[in-house]
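Asker: I am attaching a structure below and will ask some questions about it afterwards.
The values are calculated or read from the model by the stated rules, or taken from the named source; none is laboratory data. All values derive from a computational prediction rather than experimental measurement. Backbone-built Cβ (ideal geometry, glycine too); neighbour counts: all protein chains shown. Ligands, DNA and RNA are stripped out before the accessible areas are found, and what is left, the full protein with its side chains, is counted by its heavy atoms. Shrake-Rupley method; radii C 1.70, N 1.55, O 1.52, S 1.80 Å.
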Amino acid sequence: SGKSTLFKLIAGVLYPNAGIITFRGRISPFLELGVGFQPELSGYDNIYLYAAILGLTKRQIKERFDEIVTFAELERFMDQKVKNYSTGMQMRLAFAITSHVDADILLVDEALAVGDESFQRKCLKRIGQLKSESETILLVSHNLELIRANCRKIVQLEGGKIKRSDY
């Protein structure tokens, strides 16, 4: 339907063929796994790299570093290269970083498609916390129950077009 492509356009990973996309504020995208990570670098180095790409200063990253690692539950693995992380570990690290950037807009593309149930609950709790802090969160999922439980506005895409929108 074009959901992930739309998020990549909003995040500036892709550029539109026509038209413009406008927004106000800083965007923190949690897109497909691997976007923003350098597989040859350690988890430690990838936190600094990815958070810098998302607009944090070195000082801000240092201040949030322990919180990011604790949230990801990867303390024992931070010195390993990310290419040796499982898909779930990469997802944990990516979500931990993107959800601690203090962005105005958080893009979450199928965030809970990977990971164990307890980490999925932890992510939902974090999304709820960010939502209560008035952050705009765009959430893509095929899980309609997840969408209904976490979103005030819903847009359903089909074939690249809006099929239905509930405001």
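Asker: Rounded to the nearest 5, what % of the DSSP beta bridges within the stretch 1-153 are antiparallel ones?
Answerer: Details: 1 of 10 bridges.
Counting DSSP beta bridges with both partners in the stretch 1-153, the antiparallel share is about 10 percent.
Asker: Turning to a different aspect of this structure: Can you compute log10 of I(q)/I(0) for the stretch 92-152 with the Debye formula, treating each Cα as one identical point scatterer, at q = 0.12, 0.15, 0.26 Å⁻¹?
Answerer: -0.25, -0.39, -1.31
Asker: Moving on to the next point. Can you run the Rg to Rh ratio on the chain? Use alpha carbon positions and the Kirkwood inverse-distance Rh. Mind showing how you got there, number by number?
Answerer: Values: Rg = 15.8 Å, Rh = 16.6 Å.
Dividing the radius of gyration by the Kirkwood radius yields 0.96.
Asker: Using only Cα atoms, tell me the angle between helix 117-132 and the longest principal axis of the chain; keep it within 0 to 90° and round to the nearest 10.
Answerer: Tilt relative to the chain: about 70 degrees.
Asker: So, one more: Compute the long axis of helix 58-72 from its Cα atoms, compare it with the longest principal axis of the Cα atoms of the chain, and write down the angle in degrees, 0 to 90, nearest 10.
Answerer: 80
Asker: Assuming a ≥ b ≥ c are the square roots of the Cα gyration tensor eigenvalues, decide whether the stretch 61-127 counts as rounded (a/c under 1.5), prolate (otherwise, with a/b larger than b/c) or oblate.
Answerer: Values: a/c = 1.65, a/b = 1.11, b/c = 1.48.
Oblate.
Asker: Going by alpha carbons, how many degrees (0 to 90, nearest 10) lie between the helix axis of 87-98 and the longest principal axis of the chain?
Answerer: Taking the Cα atoms of the chain, the angle to 87-98 is about 80 degrees.
Asker: Compute the distance from the alpha-carbon center of the stretch 70-97 to that of the stretch 1-57, in whole Å.
Answerer: Using only Cα atoms, the two centres lie 18 Å from each other.
Asker: I would also like to ask the following. Where the only charges are on Cβ atoms (+1 Lys, Arg; -1 Asp, Glu), what is the dipole of the chain about its Cα centre, to the nearest 20 debye?
Answerer: Values: 23 positive and 20 negative charges, 96 e Å.
My answer is approximately 460 debye.
Asker: Restrict the search to the stretch 37-116; then list the chymotrypsin sites (Phe, Trp or Tyr not before Pro) that DSSP places in a loop and that have at most 11 other Cβ atoms within 10 Å of their Cβ.
Answerer: On the way: sites: PHE37, TYR44, TYR48, TYR50, PHE65, PHE71, PHE77, TYR85, PHE95; in loops: PHE37, TYR85.
Passing sites in the stretch 37-116 do not exist.
Asker: So, one more: Once the dipole of the stretch 97-167 is set up with Lys and Arg at +1 and Asp and Glu at -1 on Cβ about the Cα centre, which of VAL101, LEU124, LEU157 lies farthest towards its positive end?
Answerer: LEU157
Asker: When ligands, DNA and RNA are left out and all protein chains stay put, how many square angstrom of accessible area per residue does the chain have with a 1.4 Å probe?
Answerer: Working: 9860 Å² over 167 residues.
Accessible surface, normalised per residue, equals 59 Å².
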